[in-house]
Amino acid sequence: MAGATSLAAAANLAGKSSVRVVVIGDPGTGKSSLIVALATEQFPENVPRVMPPTRLPADYFPDRVPITIIDTSSSPEQKPKLIAECQAADAVVLTYACDRPATLERLSSFWLPELRRLQLKAPVIVVGCKLDLRDEQQVSLEQVMAPIMQSFREIETCIECSALRQIQVPEVFYYAQKAVLHPTAPLFDQELQALKPRCVRALKRIFIICDNDKDGALSDVELNEFQVRCFNAPLQPTEISGVKRVVQEKMPEGVNESGLTLTGFLFLHALFIEKGRLETTWTVLRKFGYDNDIKLRDDLIAMPIKRAPDQTLEMTSEVVDFLRGIFNMFDIDNDGALLPTELEDLFSTAPENPWISDPYKDCAEKNVLGGLSLEGFLSKWALMTLLDPTNSYANLAYVGYPGEFSSAFTVTRRRRVDRKKQHTQRNIFQCYVFGARGSGKTSLLQSFIGRQPSDTLPSNSERFATNSVEMADVSVMLYFFCTGDVMLMLYADILLFLFLTT
């Protein structure tokens with residue numbers, strides 16, 4: 001489903017202008033010979049103890065990203081340099097000698113635990129060098145490496161090679177580069193053999209975006225549009241039929257009379273990954289703006305609006321209308337409230353539910369079943385926009401808002417202008433609650449969101465409450481921030497200073 005040109009472009013979207021690969025392993029396992037054989041396509045007669053950095057040009061591999069290869073010494077006196085190189089690596093090639101079983105044992109007894117101790121995030125490629133010297137009676141690579149890979153999930157790939165016979169030498173560094181540009185870990189749980197939740201959420205969002213008629217399936221036309229958008233090349237009718245046939249044979253519910261279902265779409269990507277074609281799924285994710293953490297890239301959600309310290313952002317009427325529609329769409333039982341399961345479904349296309357932790361978790365009014373009313377729903381969005389507009393916009397995009405940042409939010413007038421005019425146009429007001437321990441701060445906030453004071457024990461931590469109220473025929477949202485004795489005077493001094501100077 002993907003062409004070389006589109007995959008190279010996707011690699012650039014990974015944010016890497018070059019890849020740094022560090023080669024480590026026991027003495028005499030073939031590290032330097034491997035590097036020389038790659039660079040010269042010949043087996044070296046005389047090899048220096050440590051090779052200088054070797055650079056492969058951008059056109060060496062299809063992803064068109066240059067590679068710098070760093071050789072290392074495993075001598076004790078060079079350990080600080082070895083550690084520094086590993087910490088700077090994008091990928092680590094860990095070697096053992098196929099004719100020396102002791103070097104294989106050292107992978108799990110020393111090298112892999114040492115890399116864990118260093119808390120490296122880089123993927124590891126385990127390479128058996130000197131394949132030409134391996135005893136033919138030895139067990140297969142799969143049998144040898146299976147228990148090691150089970151214990152050390154950071155191993156991305158295992159491969160054997162021979163510098164002497166030029167067997168699979170380029171493949172070693174191709175897999176190292178691929179592990180950096182198209183990593184497995186964010187997408188796939190090797191232990192469960194399943195797509196990771198965040199990957200599923202992102203692919204679900206992409207599926208919904210591409211399902212233009214919202215019938216729950218990608219028709220042949222929609223599937224072709226998706227293919228062109230991601231890979232710059234259309235699918236032939238026979239290819240589309242072939243894709244659907246593969247899915248239907250393995251997972252009948254993956255295809256219906258309307259086309260490829262979400263289940264089938266997810267199955268297809270799991271199949272790509274299982275077959276080692278991670279670049280296909282990464283191309284799709286990056287075309288829709290995702291980074292290596294499977295979140296929308298920072299440049300897509302960055303706040304372009306400048307504001308003074310006494311200005312805030314509020315949602316536009318366009319966004320409020322959008323959120324009302326989303327609320328009604330996910331209020332499956334039409335009871336005027338989103339139950340926790342309905343709210344979780346609403347955020348199922350976001351990396352995670354942004355309201356499962358403070359300050360949003362318990363800041364709005366709920367009914368006896370834990371359902372969130374429309375007013376509470378909008379109040380939480382208003383609070384998130386006030387406290388963290390970038391996160392608010394990102395989550396709007398995750399749940400389907402199609403507009404730009406500038407159409408989502410408006411900047412309030414400066415507070416000093418409001419005071420001068422004795423009038424404000426703001427719809428969101430921040431109220432800070434201070435008081436001594438036991439003076440009723442928490443009870444006040446609880447009452448504001450419709451809870452009995454006894455519902456919550458007294459708290460020494462910061463608390464938030466948000467709700468909408470009617471004032472002189474105008475609906476506004478109030479956001480209360482409460483703090484206890486420890487920070488009382490500090491907060492009061494800061495707020496007084498800001499009020500007097502803005």
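The values are calculated or read from the model by the stated rules, or taken from the named source; none is laboratory data. Only a predicted model underlies this, so the values are computations on that prediction, with no experimental measurement involved. When we count neighbours, we look across all protein chains shown, and the Cβ atoms used for this are built from the backbone with ideal geometry, even at glycine.
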Working only within the stretch 362-379, note down all residues that are buried (at least 19 other Cβ atoms within 10 Å of the Cβ), of a type in the set (A, V, I, L, M) and not in a loop (DSSP other than H, G, I, E, B). Leu372, Leu378
Run Phe288 past the list (1) surrounded by 16 or more Cβ atoms within 10 Å (Cβ to Cβ); (2) of a type outside the set (Asp, Glu); (3) modelled with pLDDT under 95 and report the number of the one that doesn't hold. (3)
Residues of the stretch 404-432 being in a loop (DSSP other than H, G, I, E, B) and either surrounded by 13 or more Cβ atoms within 10 Å (Cβ to Cβ) or touching a Gly at 6+ places or on another chain (Cβ under 7 Å) (or both), in sequence order, are Thr412, Arg413, Arg414, Thr424, Arg426, Asn427
Would you mind stating whether Ala58 is at pLDDT below 90 and within 30 Å of Leu296 (Cα to Cα)? no
So, of the residues in the stretch 11-48 that are out of contact with any helix residue (DSSP H, G or I) (no Cβ under 9 Å at 6 or more places or on another chain) and among the charged types (D, E, K, R), which turns out to be modelled with the lowest pLDDT? Glu45
For residues that are hydrophobic (A, V, I, L, M, F, W, C) and surrounded by 15 or more Cβ atoms within 10 Å (Cβ to Cβ), scanning just the stretch 344-361, find the one that is nearest to the chain's Cα centre (by Cα). Ala350
Is it the case that Val126 is assigned to a strand (DSSP E or B), in contact with a Cys (Cβ under 8 Å, 6 or more places away or on another chain) and within 15 Å of Val93 (Cα to Cα)? yes
Residues that are of a type in the set (Lys, Arg), closer than 18 Å to Ile35 by Cβ and part of a loop (DSSP other than H, G, I, E, B): does the stretch 102-122 have at least one? no
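Here's the yes/no breakdown for (1) of a type in the set (A, V, I, L, M, F, W, C); (2) exposed (fewer than 13 other Cβ atoms within 10 Å of the Cβ); (3) closer than 30 Å to Ile326 by Cα:
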residue: Phe207; (1), (2), (3): yes, no, yes
residue: Cys210; (1), (2), (3): yes, no, yes
residue: Lys214; (1), (2), (3): no, yes, yes
residue: Leu223; (1), (2), (3): yes, no, yes
residue: Val228; (1), (2), (3): yes, yes, yes
residue: Leu235; (1), (2), (3): yes, no, no
residue: Glu239; (1), (2), (3): no, no, no
residue: Arg245; (1), (2), (3): no, yes, no
Might you check whether a residue that is in contact (Cβ under 8 Å) with a residue 40 or more places away in the chain, of a type in the set (Val, Ile, Thr) and either closer than 22 Å to Pro197 by Cα or not in a loop (DSSP other than H, G, I, E, B) (or both) occurs anywhere in the stretch 393-402? yes
Top-ranked residue of the stretch 74-105 - restricted to ones that are at pLDDT below 95 and small (Gly, Ala, Ser), ranked as farthest from Cys129 (Cα to Cα): Ser75
When the stretch 160-182 is checked residue by residue, the ones that are in contact with an Asp or Glu (Cβ under 8 Å, 6 or more places away or on another chain), surrounded by fewer than 19 Cβ atoms within 10 Å (Cβ to Cβ) and not charged (D, E, K, R) are Leu164, Gln166, Ile167, Gln168
Filtering the stretch 293-307 down to residues that are in a loop (DSSP other than H, G, I, E, B), at pLDDT 95 or above and hydrophobic (A, V, I, L, M, F, W, C) yields Ile294
Listed residues Asp331, Asp310, Asp335; which is among the charged types (D, E, K, R), touching an Asp or Glu at 6+ places or on another chain (Cβ under 8 Å) and assigned by TED's automatic domain parsing to the domain that holds Gln430? Asp331
